[in-house]
Amino acid sequence: MSQKRRSKTGLIAAVVIAVALVDQAVKQIMLSILTEGEPLPVIGDWFRFTLLFNPGAAFSMGGEGSTWLFTTIQLVFVLGVAIAAPRITHSGQAVGLALIAGGALGNFADRIFRAPGFWFGHVVDYISVGSFAVFNIADAAITCGVVLFIIAMVLEERKAEHE
């Protein structure tokens, strides 16, 4: 295996673990300082912390009946990235996928370890901006990862066309 490929696998693992750990640490902090249903204004009413336990997908999409499906998708994605990691050689794509997988792993941990129980746990959300849905660091990492991955794919395609 080439050095280039090995370094992307390490990069992917580091980003996935860092995102999941930061996500879980901040959720624990928010659980200790927030009360469900009582917003904490940070920048007036525009940016606030609002504790919410989400049975659905990112940004409160989906419902309680789909919790098991989101849990399964998160696990499959994280495992898929772990399996594909040795073949990923582009740094932008690697970081994009790692952000998505790290966010998925952070929310997966909630679904495994939080109420109402194993595989059906609700995700801790707490960031509220304007009238947008309440979300968390994992959701933000997933969104940024998707954007970064798409940009990296387009740039890689353009580079290949010019070679």
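Figure legend. Inter-residue proximity from region 11-30: first residues touching a residue at least 40 places away in the same chain (Cβ under 8 Å), second residues polar (S, T, N, Q), beta-carbon distance below 8 Å, spacing 6+ or different chains. Indicated pairs: LEU11/SER91; ASP23/ASN107; ASP23/ASN136; VAL26/ASN136; LYS27/ASN136.
Confirm whether ILE127 is open to solvent by 10 Å² or more (accessible area, probe 1.4 Å), assigned to a strand (DSSP E or B) and over 16 Å from ALA14 (Cβ atoms).
Details: open to solvent by 10 Å² or more (accessible area, probe 1.4 Å): yes; assigned to a strand (DSSP E or B): yes; over 16 Å from ALA14 (Cβ atoms): yes.
Spelling it out, ILE127 is indeed open to solvent by 10 Å² or more (accessible area, probe 1.4 Å), assigned to a strand (DSSP E or B) and over 16 Å from ALA14 (Cβ atoms).
Listed conditions (1) more than 30 Å from VAL42 (Cβ to Cβ); (2) open to solvent by 40 Å² or more (accessible area, probe 1.4 Å) are all met by VAL147, apart from (1).
Looking at GLY92, GLY121, can you tell me which residue is in a helix (DSSP H, G or I), out of contact with any Cys (no Cβ under 6 Å at 6 or more places or on another chain) and at negative phi? Before you say what the answer is, go through the steps one by one.
On the way: GLY121 fails: in a helix (DSSP H, G or I).
After ruling out the rest, the residue left standing is GLY92.
Hey, could you check region 84-108 for residues that are under 22 Å from LEU34 (Cα atoms) and open to solvent by less than 20 Å² (accessible area, probe 1.4 Å) and say which is nearest to the chain's Cα centre (by Cα)?
Here is the first cut: in region 84-108, the residues under 22 Å from LEU34 (Cα atoms) are 103, 106-108.
Applying the additional criterion that residues be open to solvent by less than 20 Å² (accessible area, probe 1.4 Å) yields 103, 106-107.
On the way: GLY103: 2, GLY106: 6, ASN107: 7 Å.
Filtering region 84-108 for residues that are under 22 Å from LEU34 (Cα atoms) and open to solvent by less than 20 Å² (accessible area, probe 1.4 Å), the one nearest to the chain's Cα centre (by Cα) comes out as GLY103.
If you go through region 124-139 and keep only what is under 11 Å from the mean Cα position of the chain (by Cα) and either on the phi > 0 side of the Ramachandran plot or of a type outside the set (D, E, K, R) (or both), you end up with PHE135, ASN136, ILE137, ALA138.
Going by the structure shown, is ARG158 more than 18 Å from ALA18 (Cβ to Cβ), among the basic types (Lys, Arg) and open to solvent by less than 50 Å² (accessible area, probe 1.4 Å)?
Numbers: more than 18 Å from ALA18 (Cβ to Cβ): yes; among the basic types (Lys, Arg): yes; open to solvent by less than 50 Å² (accessible area, probe 1.4 Å): no.
Against the criterion (more than 18 Å from ALA18 (Cβ to Cβ), among the basic types (Lys, Arg) and open to solvent by less than 50 Å² (accessible area, probe 1.4 Å)), ARG158 does not qualify.
Looking only at region 61-83, residues that are in a loop (DSSP other than H, G, I, E, B) and open to solvent by less than 60 Å² (accessible area, probe 1.4 Å) come to 2 in all. Restricting attention to region 14-58, the residues that are crowded, with 17+ Cβ neighbours inside 10 Å, of a type in the set (Gly, Ala, Ser) and assigned to a helix (DSSP H, G or I) add up to 2. For first residues located in region 103-116 and modelled with pLDDT of 95 or more and among the basic types (Lys, Arg), partners that are in a helix (DSSP H, G or I) and open to solvent by 10 Å² or more (accessible area, probe 1.4 Å) and lie 6+ apart or on another chain with Cβ distances below 8 Å form the pairs ARG111/PHE70; ARG111/GLN74.
The values are calculated or read from the model by the stated rules, or taken from the named source; none is laboratory data. This structure is a prediction, so every number in the text was calculated from the model and none was measured. Using ideal geometry, Cβ is built from the backbone for each residue, glycine included, and neighbour counts are taken over all protein chains shown. These area figures cover heavy atoms from the full protein model, side chains too; ligands, DNA and RNA do not enter into them. Shrake-Rupley method; radii C 1.70, N 1.55, O 1.52, S 1.80 Å.
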